[in-house]
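This report concerns only the one structure given below.
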Amino acid sequence: MAWYHTTSIYQIYPRSYYDSNGDGIGDLQGIIQKLDYIKELGFETIWFSPFYSSPQQDFGYDIADYKNIAPEYGTMQDAVQLIEAVHQRGMKILFDMVMNHTSAQHPWFVESKASKNNPKADWYIWKDKPNNWKSIVGPKAWHYCEERNQYYYAGFLPFQPDLNYRNPEVKQTMFDTCRFWLEKGVDGFRLDIFNCIIKDKDFKDNPFSIMQAIPSQEYPGGNFQLRKYSLNQDENFALAQELRSVIDEFSNPPRLLLGEVFGGHDTIKKYLGKQQDGLHLIFLFDILFYKFSASFFRKKILEYEHHYPFPNMPTIVFSNHDAIRSIHRIGNNLEKAKLLALLQLTIRAVPCIYSGEEIGMTNGNIPLKKGKDPLAKVYNWIPQFIVNLLPVGINRDNCRTPMQWNTNKNAGFSTADKTWLPVNTDISERNVAIQQKDEHSLLNVFKHLLQIRKINPALQSGSLEIIPTGNKQILAYTRTLGGEKLLVLLNFSNSKITNHISTPIKEVLFSVNSNPTFKGILEGLNGVVLKL
Ligand code: GLC
């Protein structure tokens, strides 16, 4: 099986990871200093949110030069050093590739908007009269530009104009941008809002839908509109295959495409390709909104097994730089977080863990009105008490607070007097240094699980079978590869449950409460991995 189907991914938001030069902002040299930590934890791949040149209106997701590094993060030399340093430690490195849009300050857009007949006039999407399309995060997608007396389209925020992929020059230029980084050794890309890239060629109006008031997986944005013509077009599925052939030019070692795609399973499968000739992996975001129960996860696992059988591999994520931190959903309970870690690292999937998740970092507490996040600025009229009730994070600052390394100033993230976002107040228990010393900590649960994943190939590529347990609170499944068979049991309740297993157990490979023996009794919120 290819490396990308068996790997484990750690996501770094560079601005918040480690500040090496005391300016309050994380940087590439800071990350390089922390690579041994990631390696020791046992992650095999690191994905970096963007650090290219950017005015940082969307903190890097608004790129002004794809082939340069924003000075607050470092230089091209630092980026090359980072790629090498990750490789020297035997890990893989993924960059974030934002193909859908650039910054409005990108020289391409500056040129494009200057007139209707310049060489880049057609590089973006311009119309004399807008259609009814809405942005996926706000009401307006079309923005008037005086110089051209026309409107440009921005599917996300107004300062992120969408590129026009029906212009072959644009497509080739972006493919070459990918090649530029692949030649420098990156092992692949996480593809930002990949399903938004190609639009209906006739710009037909999107249908109104009363059911679509609230955003959904298939139609993000809500706003009473089905994004029928602005998302997931057939040509967009074809683009996945074209990009795949670009990536496949670099076969030694093979590279990875990991898509951010909003859509139901049928849509996602089209991006993967019938012959597995599209994107290699796609985040399954529906699981972000999990219910902490055995029955929820049993159903979800069966659903994933049904839709993504071998040779596909689901990609499981509970937190990222856009979402409310997962631990918030379970009342910041570290014991529940350990059970989730056990699930995430033992089901048949590529696990993707967002930095800070390994120590149970909680959501920040930054009010909407103080948000630096551009989404917070768009929605700053919403009363805070409503924001607190929403299942999605509107002020994404709260999941981007600085990494908590220890109990020193700024949780050891930076020596600056002021960090770009305030450090959380819960650092006494939730920091790396303290959890490294505690063998029962969440951090060490991640570490042990990552280790047993590596030495038990059944956990990486074995088949999965759900096992009936006779108790609704217990989730049980086996992972089997060749002669190796493992049984995973998770008790989602708070009470002790006796679970009779008829098959003899050879070894207890892992137990959340570190009990090396297993006599059929699972303590509340405990879970085990058993060798059969
Ligand atoms: C993706 C990114 C998000 C960014 C947006 C626009 O959803 O994850 O952080 O704001 O795309 O690029």
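Give the residue, chosen from 306, 321, that is away from the ligand (no atom under 16 Å from the Cβ), outside any strand (DSSP E or B) and within 20 Å of residue 261 (Cβ to Cβ). Before the answer, list the steps.
On the way: 321 fails: away from the ligand (no atom under 16 Å from the Cβ).
Just a single option satisfies the conditions, and that option is 306.
Counting just the residues of the range 142-183 that are assigned to a loop (DSSP other than H, G, I, E, B) and free of Cβ contacts under 8 Å to residues at least 24 places away in the same chain, which one comes out farthest from the ligand (Cβ to nearest atom)?
Among them, the one singled out is 149.
So if I check each of 299, 270, 274, which one is assigned to a loop (DSSP other than H, G, I, E, B) and surrounded by fewer than 22 Cβ atoms within 10 Å (Cβ to Cβ)?
274
Report yes if residue 111 is assigned to a helix (DSSP H, G or I), farther than 20 Å from residue 26 by Cα and open to solvent by 10 Å² or more (accessible area, probe 1.4 Å), otherwise no.
So residue 111 passes the test.
Out of the range 218-248, which residues are in contact with a helix residue (DSSP H, G or I) (Cβ under 8 Å, 6 or more places away or on another chain) and open to solvent by 80 Å² or more (accessible area, probe 1.4 Å)?
Once the filter is applied, which keeps residues that are in contact with a helix residue (DSSP H, G or I) (Cβ under 8 Å, 6 or more places away or on another chain) and open to solvent by 80 Å² or more (accessible area, probe 1.4 Å), the range 218-248 yields only 224.
Could you grab me the full set of residues in the range 189-217 that are open to solvent by 50 Å² or more (accessible area, probe 1.4 Å) and more than 16 Å from the ligand (Cβ to nearest atom)?
If the condition is that a residue be open to solvent by 50 Å² or more (accessible area, probe 1.4 Å) and more than 16 Å from the ligand (Cβ to nearest atom), then 201, 202, 204, 205, 208, 210, 211, 214 are the ones that fit.
Residues 57, 81: which one is within 16 Å of the ligand (Cβ to nearest atom), open to solvent by 50 Å² or more (accessible area, probe 1.4 Å) and not hydrophobic (A, V, I, L, M, F, W, C)?
None of the other options fit; the residue is 57.
Look at the range 497-518 and say how many of its residues are over 16 Å from residue 476 (Cβ atoms) and either of a type in the set (Lys, Arg) or part of a strand (DSSP E or B) (or both).
Qualifying residue count, the range 497-518: 2.
Please specify each residue of the range 31-49 satisfying the condition of being in contact with a helix residue (DSSP H, G or I) (Cβ under 8 Å, 6 or more places away or on another chain) and either within 12 Å of the ligand (Cβ to nearest atom) or part of a helix (DSSP H, G or I) (or both).
31, 32, 35, 37, 40, 41, 49
Residues being under 16 Å from the mean Cα position of the chain (by Cα), among the hydrophobic types (A, V, I, L, M, F, W, C) and farther than 25 Å from residue 2 by Cα: count how many of those fall in the range 322-369.
The qualifying residues number 3.
Residue 506 - would you say it is over 19 Å from residue 340 (Cβ atoms), loosely packed, with under 15 Cβ neighbours inside 10 Å and touching a residue at least 60 places away in the same chain (Cβ under 8 Å)?
When the stated conditions are applied, residue 506 does not pass them.
Given the options 372, 377, 418, name the one that is assigned to a helix (DSSP H, G or I) and either of a type in the set (D, E, K, R) or within 16 Å of the ligand (Cβ to nearest atom) (or both).
On inspection, the qualifying residue turns out to be 377.
Keeping to the range 26-54, report how many residues are more than 19 Å from the chain's Cα centre (by Cα), farther than 22 Å from residue 433 by Cβ and open to solvent by 10 Å² or more (accessible area, probe 1.4 Å).
Residues flagged as more than 19 Å from the chain's Cα centre (by Cα), farther than 22 Å from residue 433 by Cβ and open to solvent by 10 Å² or more (accessible area, probe 1.4 Å) within the range 26-54 amount to 2.
The values are calculated or read from the model by the stated rules, or taken from the named source; none is laboratory data. All of these numbers come straight from a predicted model, not from anything done at the bench. Positions of Cβ are generated from backbone atoms using ideal geometry, with glycine treated the same way; all protein chains shown enter the neighbour counts. The protein model used for the area step is the full one, side chains on, heavy atoms only, and it has no ligands, DNA or RNA in it. Shrake-Rupley method; radii C 1.70, N 1.55, O 1.52, S 1.80 Å.
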